[in-house]
């Protein structure tokens with residue numbers, strides 16, 4: 001009897017009402033994965049794509065060859081940025097719920113994916129973030145007031161009211177403009193890195209996308225071009241298990257890790273504990289060194305979990321267990337770093353409490369300042385004619401006419 | 001025209017170390033239409049870059065290079081193949097300046113051969129310019145002769161705005177008057193076939209009056225410029241023929257002044273008609289010149305079908321169709 005082929009429809013291990021089940025995530029012991037030299041041949045280091053690079057063990061001790069040489073000051077800085085990111089997210093989420101901004105996206109649970117790698121690059125290196133990498137902007141000293149003003153589309157908005165909340169950019173600090181179209185920044189980062197090599201400077205580029213976005217054609221474009229030209233770029237996939245309601249199996253994560261795509265294109269792929277700040281830093285540092293010394297691109301998969309909703313327009317209780325995050329085997333990146341700093345004797349719970357209070361106060365002070373530049377409902381408002389600027393370097397005649405028409409309709413200039 | 005395009009690259013790569021070219025087959029081989037021949041040898045593999053067959057990758061990486069201070073000239077081998085890069089053009093290249101308020105921009109020029117008349121069937125003959133003029137934030141050019149091709153390409157490369165630059169492949173080697181039965185002619189005897197060696201520009205955003213006349217205005221661009229010239233002669237009318245050259249932004253002033261003078265207007269292009277670029281031309285002329293018009297504005301275009309291989313000359317707006325169009329406009333009103 002012949003057997004008809006049947007389609008495999010990927011299913012997550014747990015739906016609402018089910019107990020969380022992360023048995024599908026392959027774990028390695030902290031310190032168990034070898035750290036090869038940065039000039040190792042791809043074919044010799046394919047194990048990095050299937051193992052899980054971890055530094056912090058269950059007792060918060062740094063273990064093994066990937067344990068980075070980070071001084072306590074840097075670790076404390078990383079902690080502060082992560083705590084600040086979470087405090088900022090928490091406040092902005094509540095502000096959105098109050099109707100003062102139209103939309104928001106938190107990074108809850110994946111703060112280390114921005115902050116650890118961010119620390120591994122140099123100031124002149126160009127970052128091409130995704131929309132959940134606000135930690136990178138904060139790490140690179142984008143003022144909270146500026147970020148809030150962007151979300152408010154007010155008179156100090158860096159985007160002059162043209163972008164939804166959270167689509168920041170920071171030219172001065174080399175953090176690119178966020179796009180809502182997924183994965184487009186991946187080949188752009190590769191092109192930027194190719195440009196650096198063409199110009200003969202030693203800057204490199206890094207970019208972030210999510211697990212779901214690896215299904216886009218631009219993922220293939222980026223990896224092909226990066227590998228073909230040996231571009232000095234670090235390509236990051238934040239595997240937070242969920243693309244809105246679509247679990248990572250629908251991007252093809254069930255049968256092979258996302259990191260495994262790397263060796264297929266001829267570049268190292270490294271799967272790393274995305275909630276282990278030390279591991280995220282160490283792996284990024286390795287990839288940055290490899291790129292800067294002419295070794296070419298690396299694909300890194302950060303295994304983490306999206307602790308919150310996709311965005312304020314999403315309700316994850318409709319498609320995944322409510323308490324799934326609590327059961328995630330790699331824990332909470334902030335708690336794990338606190339544990340490590342405590343273990344080093346550099347931090348205490350009371351210090352943590354005062355840090356959290358301080359960061360909340362910082363966010364509150366920033367908000368008070370931000371709203372003096374206006375909100376969506378309260379003046380001052382942006383001049384509406386700004387809508388017609390920057391379409392081209394110089395505003396062409398037809399746009400000037402359209403601007404004047406709008407202004408005339410409104411009874412003169414806004 | 002091929003030499004003119006090559007020369008534009010050469011002049012700009014010589015003058016400006018940030019100018020790079022990338023595309024399929026453009027380096028070692030010099031391009032399937034030879035537009036970049038010899039450039040890799042002269043400027044090296046880092047500035048004239050052979051690319052994988054991935055239009056989205058070519059345009060995506062060109063944007064990254066542009067953000068990093070280079071001026072990339074990306075060749076898409078046929079306009080018919082530009083669509084895998086469409087998202088990068090529409091969502092990224094065209095809006096980067098806008099969304100970052102000028103903090104980031106990518107001065108990318110995308111060159112691509114377009115149009116039919118070479119037995120290319122439906123996958124090597126398309127004229128998709130109207131899709132690009134509909135995007136806010138890219139300039140769109142279609143050239144009709146070697147002199148303009150060089151000058152406009154240099155202007156495009158120097159522009160800080162992205163430019164999609166269409167090169168009708170039927171006229172790469174000589175003007176084509178719309179009569180497929182006549183033997184091919186070269187650019188040698190055409191007044192615009194002579195191309196100065198060094199640097200010069202033809203400004204973006206300026207149409208050109210190719211022939212002055214009083215009976216009617218023919219607004220066109222690309223290959224059809226030459227067809228219109230022959231058709232006007234055949235129809236025995238004193239036509240004013242305008243080569244739009246830059247489709248976006250459109251030089252409305254030149255169109256307005258001409259049609260206000262002649263009172264009659266025919267719009268012609270090779271691309272399909274429905275929602276085609278000609279619709280915008282008609283609307284613009286109607287808005288500017290309505291009270292001067294002595295007849296309804298008419299259009300001659302490709303039919304609203306894919307470009308058929310076997311019926312190329314039934315599809316293409318050949319001389320006779322232009323002649324009919326001219327007569328219709330002249331006889332009306």
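What is the gain in length, in nm to one decimal, between residue A:256 and residue A:39 on full extension, counting 0.36 nm per residue of separation less the C-alpha to C-alpha distance?
So the chain would gain 75.7 nm between residue A:256 and residue A:39.
Could you identify which residue out of A:236, A:133, A:154 has the top mean-square fluctuation in a GNM of chain A using Cα springs shorter than 10 Å?
Largest GNM mean-square fluctuation: A:154.
Could you calculate, for the range A:64-141, the ratio of the Cα radius of gyration to the Kirkwood radius, expressed as Rg to Rh?
1.04
Per DSSP helix of 4 or more residues, -39500 (n - 2.57); summed, then divided by the residues of the protein assembly as shown. What does that give at 222 nm, rounded to the nearest 500?
That comes out to -10500 deg cm²/dmol.
Determine, from the Cβ-Cβ distance of residue B:123 and residue A:181 and an R0 of 30 Å, the FRET efficiency 1/(1 + (r/R0)^6), rounded to the nearest 0.05.
0.70
Under Stokes-Einstein, with the Kirkwood radius over Cα pairs standing in for Rh, what whole-number D in µm²/s applies to the range B:1-106 at 20 °C and 1.002 mPa s?
The Stokes-Einstein estimate is 153 µm²/s.
For each of A:155, B:123, B:109, count neighbouring Cβ atoms within 10 Å of the residue's Cβ, then give the residues from fewest to most.
With the sparsest Cβ surroundings first, the list reads B:123, A:155, B:109.
Pick out which of A:59, A:211, A:276 has the largest mean-square fluctuation in a Gaussian network model of chain A, springs linking Cα atoms closer than 10 Å.
Residue with maximal mean-square fluctuation among A:59, A:211, A:276: A:59.
Give me the inter-chain shielding for A:166-177: mean count of other chain Cβ atoms within 10 Å, whole number please. Mind dumping the intermediate values first?
On the way: counts 0, 2, 1, 6, 2, 6, 1, 0, 0, 0, 6, 10.
Average per residue, whole number: 3.
Report, as a whole number in µm² per second, the diffusion coefficient that Stokes-Einstein gives for chain A at 20 °C and 1.002 mPa s using the Kirkwood radius over alpha carbon pairs.
Rounded to a whole number, D works out at 95 µm²/s.
For residue A:15 and residue A:293, what is the calculated FRET efficiency with R₀ set at 41 Å and r taken between the beta-carbons, to the nearest 0.05?
So, using R0 = 41 Å, E works out to roughly 0.30.
For chain B, what is Rg from Cα atoms divided by 2.2 N^0.38 Å, rounded to two decimals?
Chain B yields a ratio of 0.96.
Using the beta-carbon distance between residue B:327 and residue A:245 and R0 = 51 Å, what value does 1/(1 + (r/R0)^6) give for FRET efficiency, to the nearest 0.05?
0.25
Just from the alpha-carbon atoms, what are the Rg and Dmax of the range B:208-331 in angstroms?
Reported Rg and Dmax, both Å: 13.4, 43.
Just to confirm my numbers, what's the Cα centroid distance between the range B:213-250 and the range B:303-318 in Å?
A separation of 21 Å, based on Cα centres.
Just checking the output field for B:86-99: average partner chain Cβ neighbours within 10 Å of each residue's Cβ?
5
Going by average Cβ density within 10 Å per residue, which order do the peptides B:33-40, A:228-235 take, highest to lowest?
Numbers: B:33-40: 19.6, A:228-235: 26.2.
Packing order, densest peptide first, comes out as A:228-235, B:33-40.
What's the center-to-center distance, using Cα atoms, between the range B:84-128 and the range A:243-319 in Å?
31
Could you work out the mean projected area of the convex hull around the alpha carbons of the range A:45-202, in square nanometres to one decimal?
Value for the range A:45-202: 11.9 nm².
Given the options A:147, A:127, A:194, state which has the largest fluctuation in a GNM of chain A using a 10 Å cut-off (strictly under) for Cα springs.
A:194
Can you tell me, using C-alpha contacts under 8 Å and at least 6 residues apart, the relative contact order of chain A as a whole percent?
23
Given chain A, what percent of its DSSP beta bridges are antiparallel, to the nearest 5?
About 15 percent, rounded to the nearest 5.
In whole angstrom, note down how far apart the Cα centers of the range A:124-154 and the range A:46-122 are.
Centre-to-centre distance over Cα atoms comes out at 15 Å.
To check you understand DSSP bridge types, tell me what percent of the beta bridges within the range B:208-331 (both residues inside) are antiparallel, rounded to 5.
Antiparallel: roughly 20 percent of the beta bridges in the range B:208-331.
Shielding of A:212-220 by partners, i.e. mean partner chain Cβ atoms within 10 Å per residue?
What the average comes to for A:212-220 is 2.
What's log10 of I(q)/I(0) for the protein assembly as shown at q = 0.06, 0.08, 0.09, 0.12 Å⁻¹, Debye sum over Cα points only, no solvent?
-0.43, -0.72, -0.87, -1.27
Over all directions, what mean area does the Cα convex hull of the range B:177-265 project, stated in square nanometres?
Approximately 6.7 nm², given one-decimal rounding.
Read the figures in this text as sums done on the coordinates, not as results from a lab. Every value quoted in this text rests on a predicted model; they were computed, and no experiment measured them. Cβ atoms come from the backbone with ideal geometry, glycine included; neighbour counts cover every protein chain shown.
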